[in-house]
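This report concerns only the one structure given below.
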Amino acid sequence: MSTIEVSPASPRSGEFQQPVVNDFSIQVATINGSGSQTANSVLMRAIFQMGVPVSGKNMFPSNIQGLPTWFTIRSSKYGYTARKKEIDFLVAMNPETAREDVMKLDRGAAVVYDEPLKLDALRSDLHFYPVPFDKLVGPVCPEAKLRKLVRNMIYDGIVAYILSIDMEEIHRALFKQFGKKKAKAAELNWGACQAGFDYAAKTFKKSDPYRVERMNATAGKIIIDGNAAAALGCVFAGATVVIWYPITPSSSLVESMIGYLKRFRIDKDTGKATYAVVQAEDELSAIGMVLGAGWAGARSVTSTAGPGISLMAEFVGLGYYAEIPAVIFDVQRVGPSTGLPTRTAQGDIISTALLSHGDTKHPLLLPCSPEECFTMAIEAFDLAEQFQTPVFVMTDLDLGMNNWMAEPFEYPTKPLNRGKVLTAEDLERLGGFARYKDLDGDGVGYRTLPGTHHPQAAYFTRGSGHNEKAQYTEREDDYVHNMDRLAHKFNVLRAHVPPPVVDDNPKAEIGFVAFGTSHYAAQESRDQLKSEFGIETSYLRLRAYPFTPELLDFIRRHKRIYVIEQNRDEQMLGLMRLEFDAGDIAKLRSITAVCRSMRGL
């Protein structure tokens with residue numbers, strides 16, 4: 001690997017800049033559909049392979065092709081993975097946004113850009129590296145129609161040289177990205193990487209302070225997106241029926257699952273699939289079929305986003321009231337309505353927790369990492385069948401579609417919990433059963449599955465009024481008893497959902513509460529408050545609703561609690577207000593409300 005001398009001063013300002021090692025953000029600004037995803041993934045993985053913690057965030061438009069897209073790679077020796085506001089190293093490949101992107105940079109940032117854009121004329125306090133991409137791509141890619149895609153790999157070589165990223169790691173990452181079946185394409189792109197590196201080595205004298213040095217902080221880890229992790233969890237959970245309607249940002253969850261099912265759910269003797277995947281005509285149909293499969297005894301799942309959740313409301317109410325297991329992944333995006341389909345949010349919390357008309361409450365699992373996407377997928381199926389109810393796994397676009405470092409997933413050893421299912425032998429011994437009778441004090445009745453060969457196995461499944469024997473009724477006492485039992489069942493769930501993760505600081509009077517991907521910003525903010533202002537904080541990361549006793553205990557141990565969430569209307573805080581007493585509610589503050597106040601709203 002070549003090395004370059006680092007000049008500590010900007011070539012124009014002459015201001016001294018301390019070397020910045022493994023602690024900066026790279027932003028690549030390109031056009032959607034230009035093939036930059038491969039180049040960005042290779043660059044991120046190469047840094048990861050050098051042992052440096054990284055995260056990748058893709059901000060892209062919702063149209064198919066032609067609008068601006070930004071991919072941000074954060075390198076952090078401290079392990080921070082939240083999106084960083086400041087951009088330290090810009091690769092400007094989009095003429096439409098290049099000027100604005102450059103003007104947003106802080107002083108001292110570095111810019112690799114397409115030479116005809118002449119961005120160095122805009123400012124004198126940045127480090128500019130102009131590159132004639134079109135001239136460089138011609139010799140390495142004779143086929144003109146491929147040049148638009150291959151030219152992106154040139155900036156991988158340029159950036160590798162400037163930031164001292166080992167080209168051997170670029171090579172490894174590139175060939176891993178393309179795989180053995182696309183070796184010819186990999187060689188073509190490698191030629192472009194090498195051309196970029198060679199040009200930079202001959203042309204540039206490094207003036208910026210940023211560089212990558214080897215660490216040992218990623219050993220044994222993998223890179224995976226949350227949707228793929230969730231899909232793998234569903235397969236390990238024994239899901240055999242998948243019904244879906246494509247919608248951003250959840251589509252890749254089912255697409256990944258289809259790939260896993262084809263690998264792991266084929267009968268070895270017959271060669272036939274032991275699963276069913278159906279693309280429904282809409283989300284309403286999808287959840288209907290999922291409930292039908294769950295009623296029949298299959299472990300069934302669908303994946304959607306906010307608009308799909310809205311369409312599923314009536315059927316989910318049926319699942320709640322008729323007590324049918326189902327698992328629904330909500331990969332949240334910005335709403336309302338169509339909203340911003342390719343932006344992340346946590347805006348479906350209240351609507352999902354209370355989905356459908358009448359009095360309904362649904363359990364929500366709140367993963368914050370690929371590891372939890374995997375494990376909570378398995379837990380969701382167990383809870384759905386144990387408590388005979390729809391269970392929602394609430395991820396978001398950031399977790400679902402972006403690349404994350406993760407520990408390898410542990411092989412599940414716990415047996416599947418299929419809940420209270422009576423066999424023909426059970427019925428023969430008992431002489432019959434009442435479908436909705438609470439015999440064990442947990443609010444959960446016993447059920448039978450279609451095809452159970454016993455004259456006492458049958459019962460009516462209905463969304464209208466019913467008594468303990470599943471018989472139609474409009475009696476007030478039957479209705480009240482049924483709804484009270486369902487409420488009790490929901491309270492029993494508190495002891496079975498994943499408990500929160502608590503970091504209790506005895507020196508702290510202030511506590512933070514966050515969930516999902518808000519965890520990473522909360523984690524870094526706590527460190528900043530302590531190092532820059534000497535403020536000690538405690539922290540609780542929610543992992544499920546209904547809330548467990550740990551949350552109320554945490555609130556009562558502190559003078560003030562700040563709830564961190566990615567929505568306007570303080571939705572998770574709203575659920576807390578529905579449950580807690582006035583004295584406990586008075587301690588709660590919303591970071592969202594604080595931000596609105598700072599903006600004068």
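The values are calculated or read from the model by the stated rules, or taken from the named source; none is laboratory data. Just so it is clear, the structure is predicted and the values come from calculations on it, not from any experiment. Don't worry about glycine lacking a Cβ; one is built from the backbone with ideal geometry, like all the others, and counts go over all protein chains shown. Accessible surface areas use protein heavy atoms only, side chains included; no ligands, DNA or RNA. Shrake-Rupley method; radii C 1.70, N 1.55, O 1.52, S 1.80 Å.
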**Report entry** Any hit, region 204-214, residues being open to solvent by less than 20 Å² (accessible area, probe 1.4 Å), in the same structural domain as Pro61 (by TED's automatic domain parsing) and more than 22 Å from Arg74 (Cα to Cα)
**Finding:** no
Requested in this report: Return the pairs, sorted by first residue and then second, in which the second residue is open to solvent by less than 10 Å² (accessible area, probe 1.4 Å), the first residue lies in region 376-394 and is without any contact (Cβ under 8 Å) to a residue 60 or more places away in the chain, the beta carbons are less than 6 Å apart, and the residues are 6+ apart or on different chains.
Outcome: none
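Considering only region 88-202, give the strands (runs of 3 or more DSSP E) lying wholly within it that have at least 1 residues that are in the same structural domain as Ile73 (by TED's automatic domain parsing), under 22 Å from Phe60 (Cβ atoms) and touching a Leu at 6+ places or on another chain (Cβ under 7 Å).
Values: elements: 89-92, 110-114, 127-131.
Counting at least 1 such residues, we get 89-92, 110-114.
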Report task. Tell me, yes or no, whether region 98-112 has at least one residue that is under 11 Å from Ile26 (Cα atoms) and small (Gly, Ala, Ser). Result -> yes
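Name every residue in region 33-42 that is open to solvent by 30 Å² or more (accessible area, probe 1.4 Å) and assigned to a helix (DSSP H, G or I), in order of residue number.
Gln37, Thr38
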Requested in this report: Go through region 363-384 and give me each residue that's over 20 Å from Met405 (Cβ atoms) and outside any loop (DSSP other than H, G, I, E, B).
Outcome: Leu364, Leu365, Ile378, Glu379, Ala380, Phe381, Asp382, Leu383, Ala384
Query raised in the report: Applying the selection to region 565-601, what residues are among the acidic types (Asp, Glu), over 24 Å from the mean Cα position of the chain (by Cα) and surrounded by 15 or more Cβ atoms within 10 Å (Cβ to Cβ)?
Result: Asp584
Query raised in the report: Taking into account only those residues within region 43-73 that are assigned to a loop (DSSP other than H, G, I, E, B) and modelled with pLDDT of 95 or more, which is surrounded by the fewest Cβ atoms within 10 Å (Cβ to Cβ)?
Result: Gly51
Query raised in the report: Do we have His488 as assigned to a helix (DSSP H, G or I), under 37 Å from the mean Cα position of the chain (by Cα) and modelled with pLDDT of 95 or more here?
Result: yes
Report task. Filter region 545-564 down to residues that are farther than 22 Å from Leu399 by Cβ and of a type in the set (A, V, I, L, M) and give me whichever is nearest to the chain's Cα centre (by Cα). Result -> Ile561
**Report entry** Test: residue in region 463-472 that is modelled with pLDDT of 95 or more, open to solvent by 80 Å² or more (accessible area, probe 1.4 Å), in a strand (DSSP E or B) and on the phi < 0 side of the Ramachandran plot
**Finding:** yes
Query raised in the report: Taking region 549-563 as the region of interest, how many residues are in contact with a helix residue (DSSP H, G or I) (Cβ under 8 Å, 6 or more places away or on another chain) and either open to solvent by 30 Å² or more (accessible area, probe 1.4 Å) or among the polar types (S, T, N, Q) (or both)?
Result: 3
Query raised in the report: Which residues, taken from region 499-511, are open to solvent by less than 20 Å² (accessible area, probe 1.4 Å) and touching a Phe, Trp or Tyr at 6+ places or on another chain (Cβ under 7 Å)?
Result: Gly511
Query raised in the report: Given the structure, is Ala219 buried (at least 16 other Cβ atoms within 10 Å of the Cβ) and outside the structural domain of Val20 (by TED's automatic domain parsing)?
Result: no
Query raised in the report: Restricting region 220-232 to residues that are more than 19 Å from Val278 (Cα to Cα) and among the small types (Gly, Ala, Ser), which is farthest from the chain's Cα centre (by Cα)?
Result: Gly220
Report task. Within region 330-362, track down each residue that is of a type in the set (A, V, I, L, M, F, W, C), surrounded by fewer than 18 Cβ atoms within 10 Å (Cβ to Cβ) and in a helix (DSSP H, G or I). Result -> Ile350
Query - Any pair with Cβ under 8 angstrom, 6 or more apart, that starts in region 260-273 at a residue that is farther than 18 Å from Asn227 by Cβ and ends at one that is part of a helix (DSSP H, G or I) and at pLDDT below 95 - result: none
Query raised in the report: Does region 401-423 hold any residues that are touching a strand residue (DSSP E or B) at 6+ places or on another chain (Cβ under 8 Å) and part of a loop (DSSP other than H, G, I, E, B), and which are they?
Result: Asn402, Glu407, Pro408, Gly419, Lys420, Leu422
Query raised in the report: Is region 111-122 home to any residue that is under 20 Å from Val20 (Cα atoms) and either at pLDDT 95 or above or open to solvent by less than 20 Å² (accessible area, probe 1.4 Å) (or both)?
Result: yes
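Tell me yes or no: at least one residue of region 393-407 is within 22 Å of Trp295 (Cα to Cα), of a type in the set (D, E, K, R) and surrounded by 14 or more Cβ atoms within 10 Å (Cβ to Cβ).
no
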Requested in this report: Take the residues in region 155-179 that are of a type in the set (A, V, I, L, M) and over 30 Å from the mean Cα position of the chain (by Cα), then tell me which one is most open to solvent (accessible area, probe 1.4 Å).
Outcome: Met167
Query raised in the report: Across region 156-177, what is the number of residues that are closer than 22 Å to Ile222 by Cβ, among the hydrophobic types (A, V, I, L, M, F, W, C) and in contact (Cβ under 8 Å) with a residue 40 or more places away in the chain?
Result: 4
**Report entry** Residues located in region 249-288, provided they are open to solvent by 60 Å² or more (accessible area, probe 1.4 Å) and either under 25 Å from the mean Cα position of the chain (by Cα) or of a type in the set (Ser, Thr, Tyr) (or both)
**Finding:** Glu255, Lys262, Arg263, Phe264, Thr270, Thr274, Gln279, Leu284
Requested in this report: Please find, within region 15-32, the residue that is most open to solvent (accessible area, probe 1.4 Å) out of those that are over 25 Å from Gly79 (Cβ atoms) and modelled with pLDDT under 75.
Outcome: Phe16
Query raised in the report: Which residues, counting only those in region 337-365, are among the small types (Gly, Ala, Ser) and under 15 Å from Ala487 (Cα atoms)?
Result: Ala353, Gly358
